[in-house]
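Take a look at the structure below.
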Amino acid sequence: MQDVGALALLPVVTILVIAVATRRTLFAMLCGTLVGAVLLGGWEFFDSWIGYFGTAMADETLQWLMLVVVLFGILITLFERSGAVSEFAAWAERFVNSRRKSLVLSFLLAVVLFVDDYLSVLTVGTSMKGITDRYRVPRTQLGTIMKLTAAPVAVIVPFSTWALFFAGLLEAQGVTANGSGFGAYLQAIPFIFFGWIALAIAALVALGWFPKLGVLKKDVARAEATGDVFPLGTTDEERAAEGAAPVGIEVGEFAAQGDAGERAAVAAPVAVATRAPGIAKPRPWNFVVPIAVMIAVTILTEVDVLKGTVAALLVAIIMYTAQRRLGIRKVFDAAFDGVGSMLFVIVLTALAFMVQHMNIDLKLADFVIDSTEPYMSGALLPAVVFLVCGVYAYATGSFWDLAAVITPIVIPLAFAMDVNPIIAGAAVFSGAALGSTTCLYGDGIILASRSTGIKPLNLMTAILPYAGIAAVLSLALYLVVGFAGI
């Protein structure tokens, strides 16, 4: 391990700067890993890069995540090839007849899928984008609601993958209630402020009661005017991959025309989303049953999303072959295409894990903690912990790993400073949820962008203003409870 001080920030800064400048997340991640390899390996940076690639691929968490992603890619493709998604959309339109209802349904579905944030973003995006497209809801708006709900609801509902993991961390540090870390986590839930505030903002955005901010405001205006639900800069090839028709006006031309472009587009709107064919008697069960099986098996197997996904996949194959919607050959074709559809996600995630391992060896966590430790005292502890964890999680794409590293430091500090350790732990968990909701190369954003068919950078920039508001309010509340001595 090397201690390079502030230079430990260089890979992260490189990724963020290049991603914003080029709008190419994969290229930015590659550059970030190369910078990290130079810092760690010097002139032998190539050998260092290869070594960290091998370390990332050997990471059991990455292997598990890749399996989930691949299986879900196959499941999504089966949904599409069998017509299950189209039929679900046709059935849902009996109840969803407005933009607001389509967004509210997206929010409620994300809440129902609280058991895991991966499951939530992949399912909601896949099932709802066809519906929201028809009401000219930009994909960035759908993605924002999904991501503002996924991790926050998982962190405040005690029967999720997040809750079980964090409860274990509390118990390992001797923080218990009624003899268990789970009891302590239940007491911490009211103080996981980011989770509650982000969830409230997501609900208000879905209802149309919260102002549209930043790029999302422009995306909404353009979608309403032109019918183009994709972000500026989306190519016709990328639209075609999502089953959408080319736009009738070049996005660059629309941006240059400003108000005049909007008036022209309103006069002759273009439909970019593919309309589902009329279905006399849609069968929503072909979509609902596999998803219900996934949720049930995930819960019954102690929140094992991998087992839940396998069960859903098996049920879907049995249902579609029994109904002769897909033959065995087409099932295998869908499986191969499903794996291929997730290659970008897999490569991006592998690079993200490389960055995480490089950050560990560059001692980035130590640098951040040493820089902020003078402020980690008494009443300021919960607020500083939340701020440090949120910034670190956003910068590194490390969420559960962050909590595993920071919690053993924060809890003893809380005991030593006579600060409620449950609130200190809640601040860590809030920071992790903030990072998962916003990090450009975090697995949550990557998977959400895949399911909505947009680029991770477009999704992140749409989410940031809303997550930023939730973060500022959370910081203020941690200051209040810290000084109140709760």
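Below 13 angstrom from the Cβ of residue 182, what's the summed charge of the other residues (Lys, Arg +1; Asp, Glu -1)? For residues surrounding residue 182, the net value is -2. Only lysines eight or more places from residue 281 in sequence, or on another chain, were considered; those with a Cα closer than 30 Å are 101, 129, 330. Peptides 362-368, 18-24, ordered by how many other C-beta atoms sit within 10 Å of their residues on average, highest first, read 362-368, 18-24.
Calculate, for residue 237 and residue 372, the FRET efficiency according to 1/(1 + (r/R0)^6) with r their C-beta to C-beta distance and R0 45 Å; round to the nearest 0.05.
Details: r = 45 Å, r/R0 = 1.01.
Rounded to the nearest 0.05, the efficiency is 0.50.
Extents of the stretch 328-369, largest first, come to 55, 12, 12 Å (Cα atoms, principal axes, whole angstrom).
For the chain, what mean projected area does the convex hull of the alpha carbons give, in nm²? Can you show the working numbers first?
Working: hull surface 94.3 nm².
Averaging across all directions leaves 23.6 nm² for the Cα convex hull.
Modelled label positions at residue 34 and residue 324, each set 7 Å beyond Cα in the direction of Cβ, lie 5.6 nm from each other. Projected label points at residue 60 and residue 207, each 7 Å from Cα along the beta carbon direction, are separated by 4.4 nanometres.
Placing a pseudo-label 7 Å from each Cα along the Cα-to-Cβ vector at residue 417 and residue 100 gives an inter-label distance of 4.5 nm.
Can you give the calculated 222 nm mean residue ellipticity of the chain, where each DSSP H run of n ≥ 4 adds -39,500 (n - 2.57) and the sum is split over every residue, rounded to the nearest 500 deg cm²/dmol? Please list the in-between numbers first.
Values: 25 runs with 361 residues, N = 486.
That comes out to -24000 deg cm²/dmol.
For the peptides 295-301, 65-71, 226-232, the ranking by packing is 226-232, 65-71, 295-301, with the highest mean count of neighbouring Cβ atoms within 10 Å listed first. Residue 411: net charge of surrounding residues, Cβ under 14 Å, Lys/Arg +1, Asp/Glu -1, itself excluded? Here the count lands on -2.
At 0.36 nm per residue, and after removing the present C-alpha to C-alpha distance, how many nm does the segment from residue 332 to residue 27 gain when stretched out fully? Could you put the intermediate results ahead of the total?
Values: separation 305, 0.36 × 305 = 109.80 nm, distance 3.18 nm.
Answer, rounded to one decimal: 106.6 nm.
Sorting the segments 125-137, 474-486 by their mean number of nearby beta carbons within 10 angstrom, highest to lowest, gives 125-137, 474-486.
I'd like the FRET efficiency for residue 159 and residue 13, computed as 1/(1 + (r/R0)^6) with the beta carbon distance as r and R0 of 60 Å, rounded to 0.05. Before the final figure, lay out the partial values.
Numbers: r = 38 Å, r/R0 = 0.64.
It comes out at approximately 0.95.
No lab work stands behind these numbers, since they all come straight from the coordinates. The structure displayed is predicted, hence computed values, not measured ones. Glycine gets a Cβ as well: all are built from the backbone with ideal geometry, and neighbour counts include every protein chain shown.
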